[in-house]
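For reference, the structure discussed in these notes is given below.
The values are calculated or read from the model by the stated rules, or taken from the named source; none is laboratory data. Given the structure is predicted, the values throughout are model-derived calculations rather than measurements. Don't worry about glycine lacking a Cβ; one is built from the backbone with ideal geometry, like all the others, and counts go over all protein chains shown. Only protein heavy atoms, including side chains, enter the accessible area calculation; ligands, DNA and RNA are left aside. Shrake-Rupley method; radii C 1.70, N 1.55, O 1.52, S 1.80 Å.
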Amino acid sequence: RGEGIYYINTDDIKLPHTMSVININPASLKVKFDESVSQSVKVKPLVSGIPEKGFYVSSVVTEPKDVVIHGLRSEARKINELTTEAFDITGLNKTVKRELEIDIAGANVKPEINTVKVKVVISGKKR
């Protein structure tokens, strides 16, 4: 853990004799070292739309409910839950299941799995 600034000069760059370094820009690099961690976070499915008239969503089940993410401690601690890509249920009148991608929303972490199974239970009038 920690930070370091590393300065680069022409002597640090090894090239064949026929080549030479003219300029180095930037002349330094700031490097941040952090501990790599794994942690479990909830997966919340993103359900959009409304079912057919007379029907309603009675439950949403995600399998698995949690996923393990890997990343730098400073990044992973910012994440309490991940969402999925949108699951549009507009006009549906029966229970549906789909495999959905996990959306890490630009976070600098990697989930152990990329998809979860989501079941949207739709209830209402009988046909």
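For the reader, a short list of remarks on this structure follows.
- Taking each residue as 0.36 nm, the span from SER74 to VAL37 lengthens on full extension beyond its C-alpha to C-alpha distance by 12.4 nm.
- Residues of segment 97-127 falling in the label zone of VAL60, defined by backbone nitrogen less than 19 Å from a point 7 Å along Cα to beta-carbon, are 97-106, 114-124.
- Here the scattering of the chain is modelled by Debye summation over its C-alpha atoms, one equal scatterer each and no solvent; at q = 0.11, 0.12, 0.15, 0.20 Å⁻¹ the log10 of I(q)/I(0) is -0.59, -0.64, -0.79, -1.04.
- 31 Å Cα-Cα threshold exceeded, pairs from LYS32/LYS119; LYS53/LYS117; LYS53/LYS78; LYS30/LYS117: LYS32/LYS119; LYS53/LYS78; LYS30/LYS117
- Potential extension, ASN93-ALA105 segment - 0.36 nm per residue separation minus Cα distance: 1.3 nm
- Under a model in which nothing but the beta-carbon of Lys, Arg (+1) and Asp, Glu (-1) is charged, the chain shows a dipole of about 900 debye around its Cα centre.
- Using θ = phi - 60° and Karplus 6.51 cos²θ - 1.76 cosθ + 1.60, couplings along segment 93-104 (whole Hz; Gly, Pro as x): 10, 8, 4, 10, 10, 8, 9, 10, 6, 7, 9, 8
- Per residue, the accessible area of the chain comes to 73 Å² when a 1.4 Å probe rolls over the protein heavy atoms.
- Amide H contacts for GLU52 (H built 1.01 Å from N in the peptide plane; partners 5 or more residues away or on another chain; cut-off under 5 Å): GLY91, LEU92, ASN93.
- Atom-type composition of the exposed protein surface of the chain places 52 percent of the accessible area on carbon and sulfur (1.4 angstrom probe).
- Within the chain, helix-based [θ] at 222 nm, where runs of 4 or more DSSP H residues each add -39,500 (n - 2.57), nearest 500: -500 deg cm²/dmol
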